[in-house]
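One structure is given below, encoded as structure tokens.
The values are calculated or read from the model by the stated rules, or taken from the named source; none is laboratory data. Just so it is clear, the model here is predicted, and its values are computed rather than measured. Positions of Cβ are backbone-derived with ideal geometry, glycine not excepted, and every protein chain shown enters the neighbour counts. Note: accessible area is taken over every heavy atom of the protein model, side chains too, but ligands, DNA and RNA are not part of it. Shrake-Rupley method; radii C 1.70, N 1.55, O 1.52, S 1.80 Å.
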Amino acid sequence: MKTAELPKPKAVPWVTSAGLILKNEAGLHCDNPPWQLVNQVVHELDPGHGNSFCCLAAPDYSYVQTLRGFNGCHLEWRIFTPTAPDGYIHYRAGYPGGSSKPIELKKHDYVSPGEHRDLIQLADVVEAFRAFYQGDGLPALFDWRPIDI
């Protein structure tokens, strides 16, 4: 079965922040972070001055991560599952109905390739981190397409 044909899990196995780890590019590493800190860390991301990336990881090694640029954010969600060929599925979020035209997320020090619909607004990134934090699974706000990394 191809990765793209795998079912998307509706929810994740954790139900609280217990065991979650929050990291950012500036060197933060926080076990069991309160939601207020997660929210703050996502909002403080910059477009490439040493703190444009953060990740919230679960005890099963699933995670949500974002990269912020001048023109938006990339949002990815990895789910570890034994039914996937590599043991995980890595998704990138995109807005439904958006263009698949190639466009780059631009930062001061890096350019990340992707599609036009991949440029996510920061407020929606925060909501995805909240869904992960609460164990709600992939937010329906986005189209989630598997990507190889």
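Take segment 19-48 and flag every residue that is touching a residue at least 24 places away in the same chain (Cβ under 8 Å) and either surrounded by fewer than 12 Cβ atoms within 10 Å (Cβ to Cβ) or not in a loop (DSSP other than H, G, I, E, B) (or both).
Hits for segment 19-48 are 21, 22, 23, 24, 35, 38, 39, 42, 43.
Considering only residues that are out of contact with any Cys (no Cβ under 9 Å at 6 or more places or on another chain), outside any loop (DSSP other than H, G, I, E, B) and in contact (Cβ under 8 Å) with a residue 60 or more places away in the chain, which ones fall in segment 94-130?
Listed by number, the residues that qualify are 126, 128, 130.
Taking segment 59-93 as the search range and keeping residues that are in a strand (DSSP E or B) and among the polar types (S, T, N, Q), which one is most open to solvent (accessible area, probe 1.4 Å)? Break it down stepwise before answering.
Initially, segment 59-93 is screened for residues in a strand (DSSP E or B), giving 63-69, 72-80, 88-93.
Still in the list and also among the polar types (S, T, N, Q): 65-66.
Details: 65: 32, 66: 2 Å².
Per the stated criteria, the residue is 65.
If we keep just the residues of segment 103-133 that are open to solvent by 70 Å² or more (accessible area, probe 1.4 Å) and out of contact with any Gly (no Cβ under 8 Å at 6 or more places or on another chain), which is nearest to residue 67 (Cα to Cα)? Steps first, please.
Filtering segment 103-133 down to residues open to solvent by 70 Å² or more (accessible area, probe 1.4 Å) leaves 104, 106, 108-110, 113, 116, 121, 127, 130.
When the remaining residues are screened for being out of contact with any Gly (no Cβ under 8 Å at 6 or more places or on another chain), the result is 113, 127, 130.
On the way: 113: 12, 127: 15, 130: 16 Å.
The selected residue is 113.
Scan 56, 138 and give me the residue that is among the aliphatic types (A, V, I, L, M) and either part of a strand (DSSP E or B) or open to solvent by 50 Å² or more (accessible area, probe 1.4 Å) (or both). I'd like the intermediate steps shown before the answer.
Numbers: 138 fails: either part of a strand (DSSP E or B) or open to solvent by 50 Å² or more (accessible area, probe 1.4 Å) (or both).
Going through 56, 138 in turn, the sole match is 56.
Among the listed residues 80, 132, identify the single one that is modelled with pLDDT of 95 or more and of a type in the set (A, V, I, L, M, F, W, C).
On the way: 80 fails: modelled with pLDDT of 95 or more.
When all the criteria are applied, what remains is 132.
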